[in-house]
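Asks: First the structure, then my questions, so here it is.
The values are calculated or read from the model by the stated rules, or taken from the named source; none is laboratory data. Note that this is a predicted model, so its numbers are computed, not measured. Cβ atoms come from the backbone with ideal geometry, glycine included; neighbour counts cover every protein chain shown. Remember, those area values only see protein heavy atoms, side chains included, never the ligands or the DNA or RNA. Shrake-Rupley method; radii C 1.70, N 1.55, O 1.52, S 1.80 Å.
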Amino acid sequence: YLYENIECVVPTMVLKGALTILKSQPWVPYAAGFGGIVTTAALFLVLSRPDRFFDEHMRVAFAGNYYLSINDIPRVLSNLNEGQIDEQSCLAPKGSIASILSTGNGMLNVWSVDTALNDRGTNYDFGVCTVEQLLFGKDDTLDADNTNYAYEDDGTNPCFNSANYLKHLNKTVLANFTSYDYVVLSDQAKRMADDKYRPPSIVALYEEWIPMLEVSETIPVIVAPHAFYSDLVNMTGLENYSEFASLIHQGATEYQAVLIENGQSEAPIVPVDMAFLAIYEEDEDMFSLLTSSDGVHSSLYGSYLIACCLYATVAGYMPPKDTWSDVQGLFANARYIAESSYGYPGPEDAQYLWEVAKRVTLDGYVPSTFIEYEPKEWDMQDLSRLYSADDDDLTRDCYY
């Protein structure tokens, strides 16, 4: 009954945070003498003050592509709660959740910017170099020059192509490694929308991601990215925006099913596709502000919306409302800002985006033009025999 009267979803780690706060209060033992009434009231107060949940840092890792690196979603997420979320990433601009396992980080040429420099100005923050480093804090197969050819080297992995970066990681980020609570997985939108292109990612989840997640005890979070329409991209079969968004969600639910059916206790979906679709239906002018000039990648408006959806998914409640008045501040330390003639959303627009994120993420809102496609059931044994996680024939034209 208590939780039904709170406008949020309360995940396990949030309850742990609330109980930790209660245990630290000197008056709690006396509450038991009043039949638990005071304790219940106090718990309600704590749960109704979500800013107090972070008595300890939440740790969120990111593995994916441009979808997360443009406008630096990892750092924006952390800034939404004043740095109380520790973030780390392994991103590759044109990567999938399958290909990043073999290439690792690809941010060398994207994040070589002043805002990526550390406090001493001596090293850039490109993130970690491989998924194993991200989940375990080490990678025994990783060689600084990739002399053992353990990974594909396209010239963009900082550990292979930036002097001493691996040594820097081992001395700093990885020196006192603590596992992450969540790992956010971002695949390519067109791949997720087409069951011809999903198999390599599904095989990668089944054969490689799940065993690593079981050992690291990290909860996978699946991003359902926004649909788009652009003359710069082959849109054959995806011209209808609502259908495109719905097919992306079908892909996300299939990824989720593979994870849960094979040992993961949970695998929440970040419904960015639903958030963009809701605005597509409600506000044509606002919808036009959600993507950058290429019509594909998110603008600063779109990235704020994405970050709010992601925050609500992992925390179980919305970020503080005071972010509405200073959205620009959330992006102050972003390592890459996409070109956007629209600028940052003002307070009124930010409030609307925040409210849309809340509706689709926490309130269960489903846009009226959303099509609920039945998820396909995959035979993992047959799929593993037919496809590999790095099947190049299935990666073409799926870069967005």
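Asks: Consider segment 303-322. How many of its residues are open to solvent by 10 Å² or more (accessible area, probe 1.4 Å), part of a helix (DSSP H, G or I) and over 11 Å from residue 272 (Cα atoms)?
Replies: Going through segment 303-322 one residue at a time, the tally reaches 2.
Asks: Do we find a residue being in contact with a Pro (Cβ under 9 Å, 6 or more places away or on another chain), under 26 Å from residue 233 (Cβ atoms) and part of a loop (DSSP other than H, G, I, E, B) anywhere in segment 273-294?
Replies: Yes, some residue in segment 273-294 is in contact with a Pro (Cβ under 9 Å, 6 or more places away or on another chain), under 26 Å from residue 233 (Cβ atoms) and part of a loop (DSSP other than H, G, I, E, B).
Asks: Need pairs with beta-carbon distance below 9 Å; first residue at pLDDT 95 or above and part of a helix (DSSP H, G or I) and within segment 210-226, second of a type in the set (D, E, K, R) and open to solvent by 10 Å² or more (accessible area, probe 1.4 Å); sequence gap 6+ or separate chains.
Replies: 212/132
Asks: With the condition kept exactly as written, say whether any residue in segment 175-187 is farther than 30 Å from residue 271 by Cα and without any contact (Cβ under 8 Å) to a residue 12 or more places away in the chain.
Replies: Yes: one or more hits.
Asks: Which one is farthest from residue 188 (Cα to Cα) among residues in segment 98-139 that are touching a Cys at 6+ places or on another chain (Cβ under 8 Å) and small (Gly, Ala, Ser)?
Replies: Ranking the candidates gives 127 first.
Asks: Ok, one more. Look through segment 170-204, keep the residues that are surrounded by fewer than 23 Cβ atoms within 10 Å (Cβ to Cβ) and part of a helix (DSSP H, G or I), and return whichever of them is farthest from the chain's Cα centre (by Cα).
Replies: Checking each candidate, the answer is 171.
Asks: Here's another thing I want to ask about it. Which one is most open to solvent (accessible area, probe 1.4 Å) among residues in segment 325-351 that are polar (S, T, N, Q) and either free of Cβ contacts under 8 Å to residues at least 12 places away in the same chain or not in a helix (DSSP H, G or I) (or both)?
Replies: Going through segment 325-351, the residues polar (S, T, N, Q) turn out to be 325, 328, 333, 340-341, 351.
Filter again for either free of Cβ contacts under 8 Å to residues at least 12 places away in the same chain or not in a helix (DSSP H, G or I) (or both), leaving 333, 340-341.
Numbers: 333: 57, 340: 32, 341: 101 Å².
Out of the qualifying residues, it is 341.
Asks: Would you mention how many residues in segment 123-142 are open to solvent by less than 10 Å² (accessible area, probe 1.4 Å) and either assigned to a helix (DSSP H, G or I) or of a type in the set (D, E, K, R) (or both)?
Replies: Result for segment 123-142: 4.
Asks: Then there's this: Among the residues in segment 156-165, are any at pLDDT 90 or above, surrounded by fewer than 22 Cβ atoms within 10 Å (Cβ to Cβ) and not basic (Lys, Arg)?
Replies: Yes, some residue in segment 156-165 is at pLDDT 90 or above, surrounded by fewer than 22 Cβ atoms within 10 Å (Cβ to Cβ) and not basic (Lys, Arg).
Asks: What number of residues within segment 238-291 satisfy the criterion of being open to solvent by less than 10 Å² (accessible area, probe 1.4 Å) and either among the acidic types (Asp, Glu) or at positive phi (or both)?
Replies: Qualifying residue count, segment 238-291: 2.
Asks: If you don't mind, there's one more thing I want to ask. Return a yes/no flag: does segment 258-272 have any residue that is in contact with a Gly (Cβ under 7 Å, 6 or more places away or on another chain) and in a strand (DSSP E or B).
Replies: no
Asks: Condition check: of a type outside the set (S, T, N, Q) and either open to solvent by less than 10 Å² (accessible area, probe 1.4 Å) or in contact with a helix residue (DSSP H, G or I) (Cβ under 9 Å, 6 or more places away or on another chain) (or both). Does residue 149 satisfy that?
Replies: Working: of a type outside the set (S, T, N, Q): yes; either open to solvent by less than 10 Å² (accessible area, probe 1.4 Å) or in contact with a helix residue (DSSP H, G or I) (Cβ under 9 Å, 6 or more places away or on another chain) (or both): no.
So residue 149 fails the test.
Asks: Could you go through segment 79-96 and let me know if any residue there is out of contact with any helix residue (DSSP H, G or I) (no Cβ under 8 Å at 6 or more places or on another chain), surrounded by 22 or more Cβ atoms within 10 Å (Cβ to Cβ) and not small (Gly, Ala, Ser).
Replies: no
Asks: Applying the selection to segment 376-392, what residues are part of a loop (DSSP other than H, G, I, E, B) and either open to solvent by 60 Å² or more (accessible area, probe 1.4 Å) or modelled with pLDDT of 90 or more (or both)?
Replies: 376, 377, 379, 387, 390 - these are the residues of segment 376-392 that are part of a loop (DSSP other than H, G, I, E, B) and either open to solvent by 60 Å² or more (accessible area, probe 1.4 Å) or modelled with pLDDT of 90 or more (or both).
Asks: Look through 133, 84, 88 and report the one residue that is within 22 Å of the chain's Cα centre (by Cα), polar (S, T, N, Q) and modelled with pLDDT under 90. Before the answer, list the steps.
Replies: Working: 133 fails: modelled with pLDDT under 90; 88 fails: modelled with pLDDT under 90.
After applying the criteria, what remains is 84.
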